[in-house]
Amino acid sequence: MNKRLNQLESQHPESGKVDELKSSALSLSREIDDIRCAEATAALRDLLRK
């Protein structure tokens, strides 16, 4: 994802859209991390209950 954003930025350095894309990508990455952590926490909780 970072590689592609860098390519877009080099092709269109004046575009504010690249900053918007970076912001969206970071937000999406955080959401994915939150989901993964929640799933791992739930799995660990289930293991500890046994």
Problem - Local electrostatic count at ALA43 - Lys and Arg +1, Asp and Glu -1, tallied over other residues with Cβ under 12 Å - result: +2
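Compare the peptides 34-43, 17-26 by average per-residue count of other Cβ atoms within 10 angstrom and give them in order, highest first.
On the way: 34-43: 10.0, 17-26: 12.7.
So the peptides 34-43, 17-26, ranked by packing, come out 17-26, 34-43.
Around LEU21, with a cut-off of 12 angstrom between Cβ atoms, what is the net charge of the other residues, counting Lys and Arg +1 and Asp and Glu -1? It would help to have the intermediate numbers written out before the result.
Working: positive: ARG4, LYS17, LYS22; negative: GLU9, ASP19, GLU20.
Net charge around LEU21: 0.
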Handout entry: For a label point 7 Å along the Cα-to-beta-carbon line of HIS12, residues of region 19-36 with backbone N under 13 Å
Key = 19-22
Handout entry: Carbon plus sulfur fraction of accessible area for the chain, probe 1.4 Å, in percent
Key = 55
Problem - Per-residue ³J(HN,Hα) for region 24-39, Karplus 6.51 cos²θ - 1.76 cosθ + 1.60, θ = phi - 60°, Hz, x for Gly and Pro - result: 5, 5, 5, 4, 5, 4, 5, 4, 4, 4, 4, 5, 4, 5, 4, 5
Fill in the blank from the handout: Options [x] 5.3; [y] 3.9; [z] 3.6 for mean projected area of the Cα convex hull in nm²; the value derived from the coordinates is listed as [z]
Practice task
Relative to the longest principal axis of the C-alpha atoms of the chain, give the angle of the C-alpha long axis of helix 2-11, reported between 0 and 90° and rounded to the nearest 10°.
Solution key: 10
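The values are calculated or read from the model by the stated rules, or taken from the named source; none is laboratory data. Source: prediction; values computed, not measured. Don't worry about glycine lacking a Cβ; one is built from the backbone with ideal geometry, like all the others, and counts go over all protein chains shown. When the accessible area is computed, the model is the full protein with side chains, heavy atoms only, and any ligands, DNA or RNA have been set aside. Shrake-Rupley method; radii C 1.70, N 1.55, O 1.52, S 1.80 Å.
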